[in-house]
Amino acid sequence: MNKIHMVDLKGQYNEIKSEIDKAVINVIESGQYINGPAVQEFTSNLEKYLSVSHVIPCANGTDALQVALMALDLRPGDEVITTDFTFASSVEVIALLGLKPVLVDVEVDTFNIDIEKISSAITKKTKAIIPVHLFGQTAEMDEIMRIADENNLYVIEDNAQAIGSVYTNSKNQKIKAGTIGHIGTTSFFPSKNLGCYGDGGAIFTNDDDLAKKMRGLVNHGMYKRYHHDLVGINSRLDSVQAAILDIKLKNIDKYNESRRKSATIYSDLINSNDIIKPMIKYSEDSHVFHQYTLRLTNGKRDEMVNFLNENNVPCGIYYPIPLHSQNAYKRDDYNESDFNVTNKISKEVFSLPMHSELDMDQQKFISNLVNEFTSKS
Ligand SMILES: *Cc1c(COP(=O)(O)O)cnc(C)c1O
């Protein structure tokens, strides 16, 4: 059996090596390393793939969130609601901009932001909601957009983990995740479903005014060279990464399909009363399995992780500490009882190897170990 990796970036590269190598050399030979034709080409192909009016490339997914928030002209102290159970980026950029992060609990079955908790967290100062499509599954966007409309709030979708997933709305229209809110953001960090070979990110919007503003913000607030109309940042996707991404974009549906297939195989093979398997809440295509995350309910999650590691199966804990408990984001006015779900699942979750190159032998081996551990513990 081949060595098992949490993500197999090298294996994926080997499949497209000749195309990638050629594209990278082309960029190097072109001499246009920043904002060259490769960036424009990828940007326009991503706009087509997502059916969105504007894609604004930038340096990483955290910058993408920051620029999205900067575009909204919020004032210090304005409140932004986001989820307690995610990577720190969203709460980090809210705090960094002098805004007030308001963390809310998640749904126990999807790990995504709890709609009812959003409603009860809204105050006069609330200006925006940042849902995260966690582990590759879209949040309940119809409800989020309805709440946002009713309360005049912006919605920024953090789509770093769910590029390519499709949300079916109440009118039965299929819309790509990240293009439903006012702004969507993503990351091209190597291990994401669409990852480059370094750092990268992008912002999506159908709003022409927001797009214009964000194009300036990522480029020092410049529209005309050396004329600075806004206080911006420097956040660029470089041409080499864009050329790589353009090739991987052609394969993204195939990659996501193979992740979904691997998820189905795990769910078929793993069987234990102590394990709760991932649930797909909406349609098949609403989940692209950035992570395949199980909950172990017998209190022995850390032992399970050790057991898997001892048997050369890497696995991850996303995320071990709720954001409201992190030193940087603790607040006196949070009640632990407002975070019952996050507090519980952060002690139960573990994520199995998930990528587009997993084979059946590996999945059988991993699933058997999970079953074996639960049967003897
Ligand atoms: C990876 C990730 C980010 C940050 O992306 P970077 O490119 O690493 O800055 C933000 N949000 C979520 C949910 C992520 O998974």
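Computed from the coordinates by the stated procedures, all read-outs in this text should not be read as laboratory data. All values derive from a computational prediction rather than experimental measurement. Methodologically, a virtual Cβ is constructed for each residue, glycine included, from the backbone with ideal geometry; neighbour enumeration extends over all protein chains shown.
Backbone amide hydrogens, once placed in the peptide plane, bring K176 within less than 5 Å of Y167, excluding anything fewer than 5 places away on its chain. Other residues whose C-beta falls under 13 angstrom from the C-beta of K3 contribute a net charge of -3, scoring Lys and Arg +1 and Asp and Glu -1.
If you add up the charges near T83, with Lys and Arg at +1 and Asp and Glu at -1, over every other residue whose beta carbon is less than 11 angstrom from its beta carbon, what do you get? Intermediate results must be reported in sequence, preceding the final value.
Numbers: positive: K117; negative: D84, D105, E107, D114, D158.
Taking every Cβ under 11 Å from that of T83, the sum is -4.
The Rg/Rh ratio of the stretch 252-376, with both radii computed over alpha carbons and Rh defined as the Kirkwood radius, is 1.01.
Going by neighbour counts of Cβ atoms within 10 Å, the residues F42, F350 line up, fewest first, as F350, F42. As a rough guide to protection, the peptides 283-296, 58-71, 115-128, 14-27 ranked by mean Cβ packing within 10 Å, highest first, stand as 58-71, 283-296, 115-128, 14-27.
Ordered by the number of other Cβ atoms lying within 10 Å of each residue's own Cβ, fewest first, Y167, Y49, Y226, Y33 fall into the sequence Y226, Y33, Y49, Y167.
Entry note, the chain: the mean residue ellipticity at 222 nm calculated from DSSP H runs of n ≥ 4, each adding -39500 (n - 2.57), is -12000 deg cm²/dmol after division by the residues and rounding to the nearest 500.
Each principal axis of the Cα cloud of the chain was evaluated for its coordinate range; sorted largest first, these ranges are 68, 55, 42 Å.
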